[in-house]
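S.K.: Provided herewith is a single structure, encoded as structure tokens, for subsequent inquiry.
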Amino acid sequence: MTRQKDAGWAWVCVVGSFYIHFIVFGLMQSFGVIYVELLSQFESSRGETAWIGSLLSGLVLLLGPLDVIVLGLLGTRVTAILGAVLACVGCSVSFLAKSLIFLYFSYGVLQGLGFSLLFVSATVIVNQYFVKRRSLANALGSLGGGVGTLALPPLLQLMMSVYTWRGALLITGGLVLNCAVFGALFRPFYTKQELTDMKTDSMKSDKQETGKTCSAAAFCSKVKSVLSTFTNVRYTIFVVGSVVGALAYLIPFNHLPDLAHGIDIPEKKSTWLISTIGISSMGGRLLFARISDIPCVNRVAFLASASILCGVATMVCPKLLSFPTLMAYSVFFGMFLGVWLYLQAVAVADTIGVTNLSEGFGYLILFQGIVVFLGSPMAGWLYDLTGNYAMSFYAAGGLFILGGAIILLYDVIHTCFRSKHSQTYSPNTVEEHVYDNPAAVSDEGV
């Protein structure tokens, strides 16, 4: 069967990715709506309750390396279906929760494991099928997260008002299971053998010389491959900056409704603050997707600039004391957060190449997952200590700014230096890079 990049079945995979992002990020970023109900139900502190959403979001990212192993064994299609089943079970059995600990394991751990498998499958399949329109395809697929953030908060609020939060989670489990249908659309672009061949081309000459390999040599080669990923300084700096920003990522989603409640904005209205982030996130992705595919646009620096703008807006947020001004924050923050999110996989491909995307993206979300665990509880603890959300949002904004500045400063210097020494240099074509560590360069350019 003829396979074609940027056309045909590639767009079917984008549709599947869209729905998976709709569910995964829609529910992750709608947790603030459920959070307010759980505070009342269990009469617990904000820090303790926030761990439910942090476990869910953290595991989605933290389990990236495990997901890569599962992808290698099962392929994108089966991995996505398995993730849908696990997430459905985790969400549905939360109906039975009698304590926060039960929700930690059901809604947080089990559903987080399923969402992680779904997310990595949807990300990898789209980047395998696209080259020229990779930014656009990633933006359209991840657009589902924006639609989910728009649609799910008011839907959850409506279901909770009719069926309580328990019934709402049971019904939501059915929506999660539909990810299995869309995951079935992920027909692999590369066979397992083709992926293996692409990753071992650089070692063929050595194998021909020695005529044999041993298990110890294979293991050392794998370790060397992992280490060589991080000898690409541009990729490593990008990971560091993205991880710093990820610490702040979920704080607005999980705590903005409670902040609004504290200034006497009704729950039904505060729900729309999260939905507005979703709407503007969609707008940001659509507006900037084609721009970021222009060859002269440095997509890594573009992502960093979006992170800085998110941080500036978040630091202003505690000073906004009315519903219209908070809505304005949601619009601005959502627009540039959408750019920050959809360009992450693209930036990884730009820095280390699409054939190493699974590993590179897996390492990125592993480190992001570690810090995402801490972000929302940190904001809750700061509230418990100070009695307001000012320090929580100042900290979140500062982290977004710091993360973006780390990436932007290095990447501007890097691009200027490379452009000065090569008239044909493009910041978005990894094969053209002359790496900061020449010894790390293989025959693949990685």
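The values are calculated or read from the model by the stated rules, or taken from the named source; none is laboratory data. Please read all numbers here as calculations on a predicted model, not as lab measurements. All Cβ positions, even for glycine, are placed from backbone atoms using ideal geometry, and neighbour counts span all protein chains on display. Only protein heavy atoms, including side chains, enter the accessible area calculation; ligands, DNA and RNA are left aside. Shrake-Rupley method; radii C 1.70, N 1.55, O 1.52, S 1.80 Å.
S.K.: With each label point set 7 Å from Cα along the Cα-Cβ vector, what nm distance links I171 and F230?
M.R.: Computed distance between label sites I171 and F230 equals 4.7 nm.
S.K.: Given 37 °C and 0.692 mPa s, compute D for the range 342-390 with the Stokes-Einstein relation, Rh being the Kirkwood radius over Cα pairs; round to the nearest whole µm²/s.
M.R.: Translational D for this selection: 257 µm²/s.
S.K.: Then there's this: Whole-Hz Karplus ³J(HN,Hα) for the range 349-363, in order, using 6.51 cos²θ - 1.76 cosθ + 1.60 and θ = phi - 60°, x for Gly and Pro?
M.R.: Calculated HN-Hα couplings, in order: 4, 5, 8, 10, x, 5, 5, 10, 4, 4, 5, x, 5, x, 5 Hz.
S.K.: Using a 1.4 Å probe on the protein heavy atoms, what percent of the accessible area of the range 47-115 belongs to carbon and sulfur?
M.R.: About 85 percent, which is the carbon plus sulfur part of the accessible surface.
S.K.: I'd like the accessible area for E48, computed on protein heavy atoms only with a 1.4 Å probe and all protein chains in place. Round to 10 Å², please.
M.R.: Rounded to the nearest 10, that gives 90 Å².
S.K.: Whole-Hz ³J(HN,Hα) for each residue in the range 152-168, computed from phi via Karplus 6.51 cos²θ - 1.76 cosθ + 1.60 with θ = phi - 60°, x for glycine and proline: what do you get?
M.R.: Once θ is set to phi - 60°, the couplings for the range 152-168 become 6, x, x, 5, 4, 4, 5, 5, 5, 6, 9, 10, 6, 5, 5, x, 4 Hz.
S.K.: When only DSSP loop residues count, what chymotrypsin sites (Phe, Trp or Tyr not before Pro) in the range 321-367 have their Cβ near at most 11 other Cβ atoms within 10 Å?
M.R.: none
S.K.: Any idea how far apart V181 and L385 come out in nm if each label point goes 7 Å out from Cα toward Cβ?
M.R.: 4.8 nm
S.K.: Pop a pseudo-label 7 angstrom from the Cα along the beta-carbon direction at both V312 and F42 and give the gap in nm to one decimal.
M.R.: 3.9 nm
S.K.: Continuing with this model, one more query. Work the Kirkwood hydrodynamic radius out for the range 221-306: mean of 1/r over every pair of different alpha-carbon atoms, inverted, in Å.
M.R.: 16.2 Å
S.K.: Mind ordering 10-16, 287-293, 69-75 by average Cβ neighbours within 10 Å, highest first?
M.R.: Listed from highest to lowest mean packing, they are 10-16, 287-293, 69-75.
S.K.: A further question on this structure: So between L73 and D264, what do we pick up on full extension, going 0.36 nm a residue minus the alpha carbon distance?
M.R.: 63.6 nm
S.K.: Also, quick follow-up: For Y394 and I370 in the same chain, what is the full-extension length gain: residue separation times 0.36 nm, less their Cα-Cα distance, in nm?
M.R.: 6.5 nm
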